[in-house]
Amino acid sequence: MNAESIERSASGKIILCGEHSVVYGRPAIAVPVSTMRAYARIDPACKGSGLQIHALDLQQEFALKDAGDDDPLALGTRLVLEHLNAPEPDAILTLKSDLPIAAGLGSGASVAAAAARALGAALGTELSPEIISEVTYEVEKIHHGNPSGIDNTVIAWEKPVYFVRGTAPEILSIHTPFRLLIAYSGIASSTRAAVAEVRRRWEMTPGYYDVVFDCIGAISKASRAALLQGTIRTLGALLNENHELLMKIGVSLPRMDNLIQAARGAGALGAKMTGSGHGGNIIALVDDATTAAVKAALTSAGAPRVWETMVG
Ligand code: MEV
C-alpha cells in the first residue's frame, strides 16, 4: 500500500441517443461530461484499522468489513482487492462528487469508477479501462438491476462511445466538437424504476416496443455517422426524433417536454431527455450564436440548474 495519499476521479456521462432501447440490444451513443466528476482519495490509516469508507455526499462512514454484499461501494472495493489479489489495506477511502444524484448523469457509476481507480493506484496498479468498466458494471447491477453496460463503459473510457450490449464499444472520434446544455428538470429519477417500467410495458406489447426500439437504433446509427462527419445540424434533428420516440415509450414527463420545447424555441439545434427519464435531465445541442438564449429560455422555463459541456 502506498504511504502517500492518492486521489483519482471519474467523469459523469450523458446518453446522447439510444437510452432504453440499448437495454434491448439496439445501439446507443454516450459521451463523458469531463467537467462534472466524482473524486476518490485514499489516505493511509493506522495498522489494523482495515479499510474505512467515507461517502461524503451520502453522509455515510463505515468499515468495509461491516458492509453487506449489497452495498455498492463495498462491492466495488472488494472486486478491486480480488482482482489485484491484495489483502484489505489499512486506509480511508473518501468519496465525493460534483454530480447530482438520481439525475441521469451517471453519479453512481462515476463514484464506483473513481473509487476503483484510487484503490488500484494506492495498491500500485493503474487499472485499465476494461477492469474499471467491469467493476463499475457489477456495482451498477446493484443500483439498476439490469444495466445495459453503456454507463460503466463511457465512464471507464472517458471517451464518446457507440455501444451495443454484449459487444466491445467503438470509441468515436468526433469530427467537429459541439456544445451541449444540460438542464435539470428538478425531478429526481430512479433508473431502476424507469427501466423496470419500460420492461413491464415491453412484455405487454413487445411487437410495438420492438418497432420503436428499432427506430431508436436507426437514429443511433445515423447519429454515429453525423458525429463522424461533423454534420451537427443533422445530429440536432436526430436528437429531436429520438425524443419523440422516448415520449412514445412513456419515459418523458410534461416538465421535461416543456424544457425541450423552450430550448428548441430559443434556437437549439436539437433537444431531448437524457438517461432513464421520469425526471432527471434534458440536453440541448447549441452553437455559439444560440447558447445564451437557450440557457436563458431553459432557466425561465423552470430548470433549477443548467450546465454547459463541450463534446469532442
Ligand atoms: C441509463 O443511463 C441508460 C438506460 O438505457 C439504462 C441502461 O442502459 O442500462 C436507461
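The values are calculated or read from the model by the stated rules, or taken from the named source; none is laboratory data. Keep in mind that this is a model prediction, so the values were computed, not measured. Positions of Cβ are generated from backbone atoms using ideal geometry, with glycine treated the same way; all protein chains shown enter the neighbour counts. Surface accessibility is based on the protein's heavy atoms, side chains included, excluding ligands, DNA and RNA. Shrake-Rupley method; radii C 1.70, N 1.55, O 1.52, S 1.80 Å.
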Of the numbered conditions (1) within 16 Å of the ligand (Cβ to nearest atom); (2) farther than 30 Å from Ile216 by Cα; (3) not charged (D, E, K, R), Ser5 fails exactly one; give the number of that condition. (1)
Which condition from (1) touching a residue at least 24 places away in the same chain (Cβ under 8 Å); (2) open to solvent by 40 Å² or more (accessible area, probe 1.4 Å) is the one that Tyr137 breaks? (1)
All positions within the stretch 22-49 that are open to solvent by less than 10 Å² (accessible area, probe 1.4 Å) and within 11 Å of the ligand (Cβ to nearest atom): Val22, Ala28, Ala30
With the condition kept exactly as written, say whether any residue in the stretch 59-67 is within 21 Å of Val251 (Cα to Cα) and at pLDDT 95 or above. no
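Give the stretch 253-264 a look and list any residue that's within 16 Å of the ligand (Cβ to nearest atom) and surrounded by fewer than 22 Cβ atoms within 10 Å (Cβ to Cβ), or say none. Before you say what the answer is, go through the steps one by one.
Our first condition is that a residue be within 16 Å of the ligand (Cβ to nearest atom); within the stretch 253-264, this holds for 253, 256.
Scanning the stretch 253-264 gives a single hit, Leu253.
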Any residue in the stretch 223-242 that is within 16 Å of the ligand (Cβ to nearest atom) and surrounded by fewer than 19 Cβ atoms within 10 Å (Cβ to Cβ)? no
Across the stretch 132-155, the tally of residues that are in contact with a Leu (Cβ under 9 Å, 6 or more places away or on another chain) and aliphatic (A, V, I, L, M) stands at 3
Pairs under 7 Å by beta carbon, first residue surrounded by fewer than 23 Cβ atoms within 10 Å (Cβ to Cβ) in the stretch 265-282, partner at pLDDT 95 or above and polar (S, T, N, Q), six or more apart or different chains? Ala266/Thr290; Gly267/Thr290
Name the pairs whose Cβ atoms lie under 9 Å apart, with the first residue in the stretch 61-79 and more than 15 Å from Val111 (Cβ to Cβ), the second exposed (fewer than 12 other Cβ atoms within 10 Å of the Cβ), and 6 or more positions between them or separate chains? Arg78/Asp69
Here are some conditions: (1) outside the structural domain of Val33 (by TED's automatic domain parsing); (2) touching a Ser or Thr at 6+ places or on another chain (Cβ under 6 Å). Glu158 meets all but one. Which one does it not meet? (1)
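Given the condition among the β-branched types (Val, Ile, Thr), near the ligand (Cβ under 10 Å from one of its atoms) and modelled with pLDDT of 95 or more, answer yes or no: does some residue in the stretch 13-21 qualify? Give the derivation first.
Initially, the stretch 13-21 is screened for residues among the β-branched types (Val, Ile, Thr), giving 14-15.
Now narrow it down to the ones that are near the ligand (Cβ under 10 Å from one of its atoms): 14-15.
From what's left, modelled with pLDDT of 95 or more: 14-15.
For the stretch 13-21, residues among the β-branched types (Val, Ile, Thr), near the ligand (Cβ under 10 Å from one of its atoms) and modelled with pLDDT of 95 or more: present.
Name the one entry in Ala188, Ala183 that is more than 14 Å from the ligand (Cβ to nearest atom), assigned to a strand (DSSP E or B) and not assigned by TED's automatic domain parsing to the domain that holds Ala28.
None of the other options fit; the residue is Ala183.
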If I filter the stretch 200-209 for residues that are aliphatic (A, V, I, L, M), part of a helix (DSSP H, G or I) and either farther than 23 Å from Gly270 by Cα or open to solvent by less than 50 Å² (accessible area, probe 1.4 Å) (or both), do I get at least one hit? yes
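Would you confirm whether or not the stretch 95-103 contains a residue that is assigned to a loop (DSSP other than H, G, I, E, B) and touching a Leu at 6+ places or on another chain (Cβ under 6 Å)? I'd like the intermediate steps shown before the answer.
From the stretch 95-103, those assigned to a loop (DSSP other than H, G, I, E, B) are 98-103; that's our starting set.
Narrowing further to those that are touching a Leu at 6+ places or on another chain (Cβ under 6 Å): 99.
Yes, some residue in the stretch 95-103 is assigned to a loop (DSSP other than H, G, I, E, B) and touching a Leu at 6+ places or on another chain (Cβ under 6 Å).
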Being part of a loop (DSSP other than H, G, I, E, B), over 17 Å from Gly50 (Cα atoms) and at pLDDT 95 or above narrows it down to one of Glu126, Glu134, so name that one. Glu126
Starting from residues that are closer than 29 Å to Thr176 by Cβ and part of a loop (DSSP other than H, G, I, E, B), keep the ones in the stretch 137-164 and report whichever is nearest to the ligand (Cβ to nearest atom). Ser148
Answer with yes or no whether Leu119 is assigned by TED's automatic domain parsing to the domain that holds Asp66, open to solvent by less than 10 Å² (accessible area, probe 1.4 Å) and in a strand (DSSP E or B). no
